[in-house]
Structure formats: structure tokens, C-alpha cells
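This report concerns only the one structure given below.
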Amino acid sequence: MSNLPQTPDRNRRLKTEDRILPEFVEVALPLPLRQTFTYRLPVGLRENIKIGARLIVPFGKRQLTGYAVALHAELNPELEIEEETIKEALELIDAEPLLTEEIIRLTQWSADYYAASWGDMLKASLPAGINRTTEQIYTITTRGRDELLKIGEAKSIKAQILKFLGEHGETPGRELAKRFGAAQSQRALRELVKENRASLLLRTLTTQVKPKRRKAVRLLSPESHTPNQKPFTEAQERIVESLLQGDGETSFTDLIELAEASASSINTLAKRGVVEVFVQEVRRDPLDKVVLPELLNLTLTGKQTDVLAEITAALGAAKYKAFLLHGVTGSGKTEIYIRAMQTTLDKGKSALMLVPEIALTPVFSRRLRAVFGDEVAILHSNLSTGERFDEWRRLRSGAARIVIGTRSAVFAPVRNVGLIIVDEEHDSSYRQHESPFYHGRDVAIVRANYAGAVVVLGSATPALESFHNAHNGKYQYVTLPNRVGNRPLASAELVDMRQIFKTAGKDSIFSPQLVEAIEETHARKEQSIILLNRRGFSQFVLCRSCGETIRCNNCDITLTFHKREGKLVCHYCNHRERTPHKCPSCEGKFLYFIGEGTEQVEDILRRKFSALRIARIDRDTTGRRKMFEETLMQFSRGEIDMLVGTQMLAKGHDFPNVTLVGVISVDAGLALPDFRAAERTFQLLTQVAGRAGRGNLAGRVLIQTFYPEHYALRHAATQNYDNFYAEEIRFRKNLNYPPFVALASILIKHPNYNYAHDNAQILRECLHASNAEKNCIILGPAPAPLARLKNEHRLQILVKARSRAKLRETLDFALHAAQEKFCDLRSVYVEIDPVNLL
Ligand code: ADP
Ligand code: ZN
């Protein structure tokens, strides 16, 4: 994060051009290309276009939505573009640009740093559903119809598609791809169009979301009921009365109901000038009608006061400064965030807070709403598209000055940012796991740097890199070493499952210790959380006769059995199939279901503890936001005794009555072929242990494992971050891993193994050639840990360098050279600072 780019000179150039109308526009397109494109502006658009607006432009045979990132009065001669070859932009989408200059600059930095497409990054910065897209529509021609008459039974895909078009009329290409397969339908359609049997038309889809509007009625003057006018009818009286009782404004439909009047009575009043009927925009509020909690008036502890004073001082200085707030679970970090945000607002600035995917609990959102009212906007992936759109617009317009959101909220269009908070900064959900790859925390630091803002990274288990940065003085280290009220951290015990096996003579899911602890907890009317990082019923299905496991057709992964659904599911590509009764390989009849998942653990617990009210939380149950929220709210109200689930349970929740946390197993996570496996396991255990004993009751944590000697487990049990760090950082140093090297992972993906392999070889040669000075260590290509995924073979090359500059230099050079040697860069995915190496 050290080398920030220079301010692009685009800004300076523009200032001088302000008065001259631009003739050219530079457009970033959401394509996997690391360049911008220049278009000529039709005269009609020149006056209205602003930087940050979206445009529709021709690109090959397509029409694409792009983002205006620069305007020019004349062509930049350095670019050596031939004027005649420049195409004209087609349409301007936004009169008022969606993107601010700040976000344009930030996305440019991100695209550059992560070697991604600027257009992709810009697109990712906007709320989903706002982007206009084009769609390919296919229609059968007269010639095609004639042909249809000749075909009897449609055998080939091509004939089937033609028949489909004959029967259904206009059909989007998307739908045909779904029905007949993407590659096959595309080939057939290309031929059909060429033979003039079908025609292709591009249709621009309007945005999927729009502001929500409704008809409303406003009282203009009840006095116009003057003697020389006809007196009001009874219905009209009731209408005026209802409006007076409200704020003088009501929705049309509500008014009809309230006044028991008809639409025509309202319209008559409107004609007489008594009321006005108008169209009103209504806000879709994710927290509509929820009950807000009472505001706590806490006195900060001494430590909290110290930390807050440091942050407040930095806010006063109004300069870039980064803090690492290392506070154990339950140490009262949230209270500090809220007060720092309040200070920021008081200074007339805005605040941005990032939270991990799931940690934006309903409890926390309600609390923020209670403190900040409508000043706070919420952005996360569980909102409906409409809600997200409205919240985003409230930020863009300045109606809301605080934003709380997940990863992409780092690009939220708040103005004049004074404070950025990244809560649980170590969380891997800040990393976008698909292109464009970026890390929300790291972009947050750059944004703060650009804006001259204060940034606070908070965690009980800081990412190794962050702690290292604090050591180096890049971040100021502030700490809350104790829980509020000096409540002790819950004591954690490792339960050695090898001993349990020896004693019982068989594998058991629950150790007697855990069973006993559950009984005791509930006898005291307290609550418990049981964690298992594996959803589904059984992890895999094994044939007893031939020893084969049932694997996904598309991936190199065993399928997981989901009992309630009665299906085998691939957790990577979501492929589903019916559970077989015999082995697909040898037809053997004895299938074993191995490795309990959350679904099974829930079943067993229900049987064992039939008096308990148990609920499960994992990705299978949280598809519906309302249900997820409801379960958490019920648990917080004590209407549920025990929650069973995956790591979603580990994050951020504050349930004071939870005194027992049981971890069924984490060994699988430890064994993953990823250098961060130990760090992740340590973080997960420390976080989940932190859910116990947050109230006035002492907590207890039991961790079942077959590997109690592992340092990640030992240090998690004592919740000693420093000891873990000391051991882990030594390992990273000795084996050349981040933070001691800059790392890039290059994945070469293709359905055809040989094709992927050949491309990988070209890339390898070019990497070695561009690494003449031996600045980098180049490993691979080798099959990636997940060697086949979603029907693609995956080869991996790792590049390690002493500095990020050297890394980028070598990579850029090699990629360029590889392209010259016909390496297909569309199958190459470069990830800078990868978080997950699977
Ligand atoms: P963290 O985010 O560090 O895990 P929280 O901010 O959730 O911790 O605080 C843990 C609990 O302590 C919460 O219930 C919170 O209301 C309470 N708390 C925080 N600060 C104080 C304080 N100064 N006095 C009393 N209780 C506090
Ligand atoms: Zn799969």
C-alpha cells in the first residue's frame, strides 16, 4: 500500500478546457481490457456531458455502457489515434453524473493496482441494477419460416432453435443459451443469422431499478370553502378532515381508505383548488417500521477514553492518519466507532464504515439508526435492489452523510469524507473473489489518504499484514486489552478427540464434555452457540464396494449431501443432482454418508436435547434476509436457546446471555493448502470464542480437535494474539510469504486442459524472461489446489517479489510479451495480494 499514484493530469487538463466544448470523450468500458477508448461526441451531447456520466457507445458489433472518465477538446497526439477511425458515442444516459471525481480517481487507482479493468472497477462501484445493459434479441425471418416447413423432426440444435424461434417469436439470446447451452446456441445462432434464417437485434435495456413513485394528495387551502362556492359534500369534508389530521399530505390510496371517499371526490377537490394531486417519490427504507432500541448512555471506560481521544485529535488535525485498533472481543470498539462518527458529523464531514459480509447484524443497524436517524444509509448485499438504489441515491445527493456497508461501500459517493472505519479488518469478505479483484480495506486506506481522512482498522484478531504495518509505524497502534467492566475472556478448552475415540472405541460427533456443558448451560437458562464450518448433512458420499466418492461433473470436488432437499450439491458451482441409491461407478448398493454438516448436527442436537429451542444459521438458511434477521432477533430476545451454524455465527454478534460456545471441529480448515490456513483458523476460533460471556455471566468455550498441539489452536485457546503473531510471522519470513514478499497469483483457466497448459507455458517463459534480474521467485505452473472448477481446468503460477514495484514490473512486462506470443489473455486471471489461494 506504499506507492500511491500521482494525481492524474487529466484534472489539470480539464480545468483549462472548461470553456471550450469537448469534442472527444474518453470512455472506460467494463471489458477485461486495461485501456480506455476515445469516442467523438455528437454535437448534441457536447454541452451536456460531464465527467462521470454513463454513455452508450458502439464497440465492435455491440453497444456497451461505458463511463466518461475524461473529456478532450482535441485528440491527444501522444495516443496516435487516427481521427477517421474514431466512432461516435450513441447516447448519454445520465444528465447528472453518477460518479464523482473522487470515485473516478479511486477506481482508477484500484484498477491500476490490482491490474484490473477500470471499467469493471467503475461498474463494481455502482449499486447493482443501476447499470444499463444491452440484450441480444433473435427473431425468425421469412426465409427461416420457409425452412421450418421443410424440417420434420428437429434433430440438430440449430433446427431446434429455429423451431423455438418460430413458436416463440422474439427471444433474448440469454434465454436460448440457458435452454440449449451457451456455446452450442451461439454457434447455431451465428450460422442462422449468416444464412438469413434468423435476425439479430440489439436492444438497450433500461435500468432495472427506478425510483419508486406514488400518487399523493396535498391540502392547499381548506379555506377555499367560501360562501359563494358550493359547500363540500360529506365525503369532501372527510377528505379535508383526514388531510388536516395528518401533515396535510397523504398517499392517494391511503386517503381513499382513511376518508372512506372515492377517487372522484378527491379529483373534484383538486379541480376546485382545495387539494393538489401530485407524484411523490417514496424511499424504500431497509429499516422501515422496525422497532429501534433505546439509546444507551454509557460512560466510556478509561481505555476507551484514551483511544477515542487519539482518534478525535486526528480528526481535528484533518489530515490522513491510519489507526489499528486492536481490541479484544467485547472491549467496546463499537462504542468508539459511534462516537468518532458523531464527531465527524459535528465537524460537517461524512463518515464511512465498512463491515464484513454478515456482521451487519440487524441489531447493529437498528442501533445506528437510533443514534443517527436518517443521516445513516445502509448498503449491503442482502438489501433488495430497490432499497440499495435508494440508499445509494441518498448518499449521492448528500441527504445521508453516514454510510455503513459491506465491501463495495468503500466506493459509496459520500462527499467530504472525514473518517473511514473498517470493522473486523481481518475479515476475508473484504476481498472481492471475482474480477475485478480488490480488497475493501486496502482501498479504504487509499481513499482516506486521497481525502485527507482518518482511517481506523478495528479487530480483535488483526490481519498479520496490518499488525506488521502497525509495527512498522505505518499505522498508529491503539489497543483495548480488556473487556468492558473487566469481564474475563471466556476460558477455552481444547478437547482432544483422539482420547474420546480411544475411550469410546468409535468416532463421536460430540465429546461427553460438550454434552455435559450444553446440559449445564441450559439448566441455568443461558444460551449456547455451536459452530461447525461445514454446511449440508454429510460432506461426501462414499461407495463401500469400490471406494469411489461421488464428485461434481464440473468440479474436482465431492458433492455434499443435503438431506432436507434430498439432493447432492456442489458447494462451488451449485450443481445439484438426485441422491443415487447405488454407486454410479460400480452399482454397489452400500453408500456411506461421511462427515457431518450443520444440517446433521442440528438433527442430532434436536434429538439429544428435545427440550431446547434450536435454530440453524448457514448459507442454506440465510437465503432470505428477513428469516436470517428474524432468527437473530429471536435469539437476542431469548426465544431460541441454541444456534447451530457455520462461521456466520462467529462474527460481530453481541448476545449477552450466551455463555457456551462449542466448536465441533476446525481440523478441515487447518489442513487447507493455503499459507493463511493457520491465521484463518486462529481468527475464527478467537472470534467465535468472543461470543461467549459478553454479559455479566462467565463464558466457556470448548473446541474439539484431533490436533490440539497445533499452535493456531493452542494460542486461540488462550486467546493470545501476540504469541500467535510471533510464531506465525516467523513462518512467513522463513518461507517467503506476505507480508515479507509481494505476492501475485496467476490462474490460467480453460475448459480444455491442453489449451490452458499451453497458455500457461507461454506465460511461464515470458515471466522468466522478464525476470532477468532475478527479482522475483516464480513458482509453477502447477495444477491449482482446486484443479477443476465450474468445468474449467485451473493452472496456477505464483510470483513473489521483494517489492510491489518489482512485482508489477515483471508481471506487466511478461503479460505484454505473452500477448505478442499469442498467449490468450482472456484465460489468464491475475490476482495481486491474493487472499485465498484455493
Ligand atoms: P466489541 O465491538 O469490541 O466486541 P462491543 O462494542 O460490542 O465490543 O461492546 C461489548 C459490550 O459492552 C456491549 O454490550 C456494549 O454495549 C458494552 N459496552 C461498551 N462500552 C461500554 C461502557 N463504556 N460501559 C458499559 N458497557 C459498555
Ligand atoms: Zn461443481
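Which percentage, to the nearest 5, of the DSSP beta bridges contained in region 545-690 is antiparallel?
Working: 7 of 11 bridges.
Close to 65 percent.
Counting alpha carbon pairs within less than 8 Å and at least 6 residues apart, what relative contact order, in whole percent, applies to the chain? Each step should come with its number before you reach the end.
On the way: 1577 pairs, mean separation 76.1, N = 838.
That works out to 9 percent.
Find the centroid of the Cα atoms in region 644-670 and in region 252-328, then give the distance between the two in whole Å.
Taking the Cα centre of region 252-328 as reference, the centre of region 644-670 is 33 Å away.
If amide H atoms are built 1.01 Å from N in the plane of the peptide, which residues on other chains or at least 5 residues away come under 5 Å of the amide H of I617?
V644, G645, T646
Treat the chain as a sphere of radius equal to its Kirkwood radius over Cα pairs and apply Stokes-Einstein at 20 °C in a medium of 1.002 mPa s; give the translational diffusion coefficient in µm²/s, rounded to a whole number.
Working: Rh = 30.7 Å.
Estimated via Stokes-Einstein, D reaches 70 µm²/s.
For region 715-835, count the residues as N, evaluate 2.2 N^0.38 Å, and divide the Cα radius of gyration by that value, please.
Working: Rg = 16.5 Å, N = 121, 2.2 N^0.38 = 13.6 Å.
This ratio for region 715-835 stands at 1.21.
Whole-Hz ³J(HN,Hα) for each residue in region 638-643, computed from phi via Karplus 6.51 cos²θ - 1.76 cosθ + 1.60 with θ = phi - 60°, x for glycine and proline: what do you get?
Coupling constants for region 638-643: x, 8, 10, 8, 9, 10 Hz.
Take F59 and D285, extend 7 Å from each Cα along the Cα→Cβ direction, and tell me the distance between the two endpoints in nm.
3.9 nm
Sort R714, R179, R401 so the one with the fewest other Cβ atoms within 10 Å of its own Cβ comes first.
Numbers: R714 16, R179 13, R401 25.
Taking fewest neighbouring Cβ atoms as first place, the list is R179, R714, R401.
Give me the dipole magnitude in Debye, nearest 20, for the chain about the Cα centre, with unit charges on the beta carbon: positive for Lys and Arg, negative for Asp and Glu. Each step should come with its number before you reach the end.
Numbers: 115 positive and 100 negative charges, 241 e Å.
Using Cβ point charges on Lys, Arg, Asp and Glu, the chain gives about 1160 debye.
Once a ≥ b ≥ c are taken as the square roots of the eigenvalues of the Cα gyration tensor of region 622-673, is the result rounded (a/c under 1.5), prolate (a/b larger than b/c) or oblate (a/b not larger than b/c)? Please report the intermediate quantities before stating the final value.
On the way: a/c = 2.75, a/b = 1.59, b/c = 1.73.
Oblate shape, in that a/c is at least 1.5 and b/c is the bigger or equal ratio.
What shape does region 309-419 have by the C-alpha gyration tensor, where a ≥ b ≥ c are the square roots of the eigenvalues, rounded means a/c under 1.5, and otherwise prolate means a/b greater than b/c and oblate the rest?
Numbers: a/c = 1.81, a/b = 1.26, b/c = 1.43.
Oblate.
Between R179 and Q634, what is the label-point separation in nm under the 7 Å Cα-to-beta-carbon projection?
For Q634 paired with R179, the spin-label model returns 4.2 nm.
Rounded to whole Hz and in sequence order, give me ³J(HN,Hα) for region 61-75 from the Karplus expression 6.51 cos²θ - 1.76 cosθ + 1.60, θ = phi - 60°, writing x for Gly and Pro.
Coupling constants for region 61-75: 8, 9, 10, 10, 8, x, 10, 6, 10, 7, 10, 9, 7, 9, 6 Hz.
Under a Cβ-only charge scheme (Lys and Arg +1, Asp and Glu -1), can you give me the dipole magnitude of region 709-754 about the Cα centre, in debye to the nearest 20? Mind showing how you got there, number by number?
Working: 5 positive and 4 negative charges, 42 e Å.
In total the dipole reaches around 200 debye.
For region 574-668, what does the convex hull of the Cα positions come to per residue, in cubic angstrom? Don't skip to the answer; put the middle values down first.
Values: hull volume 14.6 nm³, N = 95.
In region 574-668, the Cα convex hull volume per residue is 154 Å³.
In deg cm²/dmol, rounded to 500, what helix-only [θ] at 222 nm does the chain give when every DSSP H run of at least 4 residues adds -39500 (n - 2.57) and the total is split over its residues? Write out the running numbers ahead of the final one.
Values: 27 runs with 293 residues, N = 838.
Here the helix-only value at 222 nm equals -10500 deg cm²/dmol.
Put +1 on the Cβ of each Lys and Arg and -1 on the Cβ of each Asp and Glu in the chain; which of V410, A650, L219 then has its Cα farthest toward the positive end of the dipole?
A650
As I understand it, the dipole of the chain uses +1 on the Cβ of Lys and Arg and -1 on the Cβ of Asp and Glu, about the Cα centre. Which of A677, P785, T558 lies farthest toward its positive end?
The listed residue farthest towards the positive side: T558.
Using a ≥ b ≥ c from the Cα gyration tensor of region 559-627 (square roots of the eigenvalues), is it rounded, prolate or oblate, where a/c under 1.5 gives rounded and otherwise the larger of a/b and b/c decides, a/b for prolate? Write out the running numbers ahead of the final one.
Values: a/c = 3.20, a/b = 1.48, b/c = 2.16.
Since a/c reaches 1.5 but b/c is at least a/b, the shape of region 559-627 is classed as oblate.
Net charge around T344, counting only other residues with Cβ within less than 12 Å of its Cβ (Lys, Arg = +1; Asp, Glu = -1)? Kindly include the intermediate steps, with their values, before the conclusion.
On the way: positive: R339, K347, K349, R401; negative: D346, E375.
Around T344, the surrounding residues sum to +2.
For A318 and A523 in one chain, what is 0.36 nm times their gap in residues minus the Cα-Cα distance, to one decimal in nm?
Working: separation 205, 0.36 × 205 = 73.80 nm, distance 5.36 nm.
Contour length minus the Cα-Cα distance gives 68.4 nm.
At a Förster distance of 30 Å, what's the computed FRET efficiency of R214 paired with L298, Cβ-Cβ distance as r, to 0.05? Intermediate values should be presented prior to the final figure.
Working: r = 41 Å, r/R0 = 1.36.
Efficiency for this residue pair is about 0.15.
Calculated FRET efficiency, S262 and D674, Cβ-Cβ r, R0 60 Å, to nearest 0.05? Walk me through the intermediate numbers first.
Working: r = 68 Å, r/R0 = 1.13.
That gives a FRET efficiency of 0.35.
Charges at C-beta only: +1 for Lys and Arg, -1 for Asp and Glu. How large is the resulting dipole of region 31-154 about its Cα centre, in Debye rounded to 20? Walk me through the numbers on the way to the answer.
On the way: 14 positive and 19 negative charges, 96 e Å.
In debye, rounded to 20, region 31-154 gives about 460.
What's the local net charge at Q432, with K and R +1, D and E -1, over the other residues with C-beta under 14 Å away?
-3
Which value in nm describes the separation of the simple spin-label points at N696 and N723, placed 7 Å from the Cα toward the beta carbon?
If labels sit at N696 and N723, their model points lie 3.2 nm apart.
Using modelled backbone amide H atoms (1.01 Å from N, in-plane), which distant-in-sequence or interchain residues come within less than 5 Å of A784's amide H?
For A784, the qualifying residues are R794, L795, Q796.
Under the Kirkwood approximation for Rh and a Cα-based Rg, what ratio Rg/Rh is obtained for region 257-320? Don't jump to the answer; show the numbers that get you there.
Working: Rg = 25.8 Å, Rh = 18.2 Å.
Value, to two decimals: 1.41.
Provide the gained length on full extension for the span C586 to E101, in nm with one decimal, where the gain is 0.36 nm per separating residue minus the Cα-Cα distance.
Stretched out fully, the C586 to E101 stretch lengthens by 168.3 nm.
Would you mind checking the pairs K163/K567; K150/K178; K212/K347 and listing those with alpha carbons more than 30 angstrom apart?
Values: K163/K567 34 Å; K150/K178 26 Å; K212/K347 33 Å.
Going by Cα-Cα distance, K163/K567; K212/K347 fall outside the 30 Å limit.
Within a Cβ distance under 9 Å of I557, other residues only, what is the Lys/Arg minus Asp/Glu net charge?
On the way: positive: R551, R788; negative: D556.
Once positives and negatives cancel, what remains is +1.
Take I421, I530, I778 and order them by how many other Cβ atoms sit within 10 Å, fewest up front. Can you show the working numbers first?
Working: I421 28, I530 25, I778 20.
So the ranking, lowest neighbour count to highest, is I778, I530, I421.
Over the chain, what is the percentage of antiparallel beta bridges among all DSSP beta bridges, to the nearest 5?
Working: 75 of 128 bridges.
Looking only at bridges with both residues in the chain, the antiparallel portion is about 60 percent.
Evaluate E = 1/(1 + (r/R0)^6) for L201 and T503, where r is the Cβ-Cβ distance and R0 equals 51 Å; express this FRET efficiency to the nearest 0.05.
Numbers: r = 72 Å, r/R0 = 1.42.
Calculated transfer efficiency: 0.10.
Could you list which residues have their amide H under 5 Å from that of V456, counting only those 5 or more apart in sequence or on another chain, with H placed in the peptide plane?
F323, I420, I421, V422
Expressed in nm to one decimal, what extension gain is obtained for the pair V515 and Q342 from 0.36 nm per residue of sequence separation less their Cα-Cα distance? Before the final figure, lay out the partial values.
On the way: separation 173, 0.36 × 173 = 62.28 nm, distance 4.56 nm.
This chain segment gains 57.7 nm when fully extended.
A short reminder: the numbers here are calculations on the coordinates, not readings from a lab. Since the structure is predicted, the reported quantities are computational estimates derived from the model, not experimental observations. No Cβ is skipped: glycine too gets one built from the backbone with ideal geometry, and neighbour counts run over all protein chains shown.
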